[in-house]
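These notes concern the structure reproduced below.
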Ligand SMILES: [Ca+2]
């Protein structure tokens, strides 16, 4: 990826740190505050656009870089079991990066999380409280905080 920057905003408070990734045309936001998947989606839709869609390997790689720098272990992404066919923003899921053996639906695991060590995806219980990735959609070259 030739155009990739990682930005860190001064924490709003002791609990929340926001990270923004500018990945060519897609603007992602890591919210380091733990929420359930449904609450994370609500937050993303209210403050940004939706939980993050990951549409190709480059986007997956860039998110992995950001998560490694953040210290976050897992983060929700916008994929859920319906059955894993669409992202939260209703775009079809064509690229996937499931860990071997996943999704395995061990305990009502209907939501997808991103592993920050491997960049692979796992299905997890949607009620787990973990940080999450929002995205803001297509952006221009303007770099701005929010
Ligand atoms: Ca699983």
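What follows draws every value from the coordinates through simple rules; no lab data is involved. Quick caveat, the model's predicted, so the values are computed rather than measured. All Cβ positions, even for glycine, are placed from backbone atoms using ideal geometry, and neighbour counts span all protein chains on display.
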Checklist outcome for this item: Those residues of region 109-119 that are more than 6 Å from the ligand (Cβ to nearest atom), within 13 Å of residue 79 (Cα to Cα) and surrounded by fewer than 20 Cβ atoms within 10 Å (Cβ to Cβ) come to a total of 1
Checklist entry - So, of the residues in region 120-139 that are within 19 Å of residue 89 (Cα to Cα) and under 12 Å from the mean Cα position of the chain (by Cα), which turns out to be surrounded by the fewest Cβ atoms within 10 Å (Cβ to Cβ)? => result 136
Checklist entry - Among the residues of region 67-108, which ones are free of Cβ contacts under 8 Å to residues at least 24 places away in the same chain, surrounded by fewer than 20 Cβ atoms within 10 Å (Cβ to Cβ) and either over 12 Å from residue 53 (Cβ atoms) or within 10 Å of the ligand (Cβ to nearest atom) (or both)? => result 71, 82, 83, 85, 99, 100, 101, 102, 104, 106, 107, 108
Checklist entry - If you scan region 32-58, which residues turn out to be part of a helix (DSSP H, G or I) and buried (at least 21 other Cβ atoms within 10 Å of the Cβ)? => result 37, 40, 41, 44
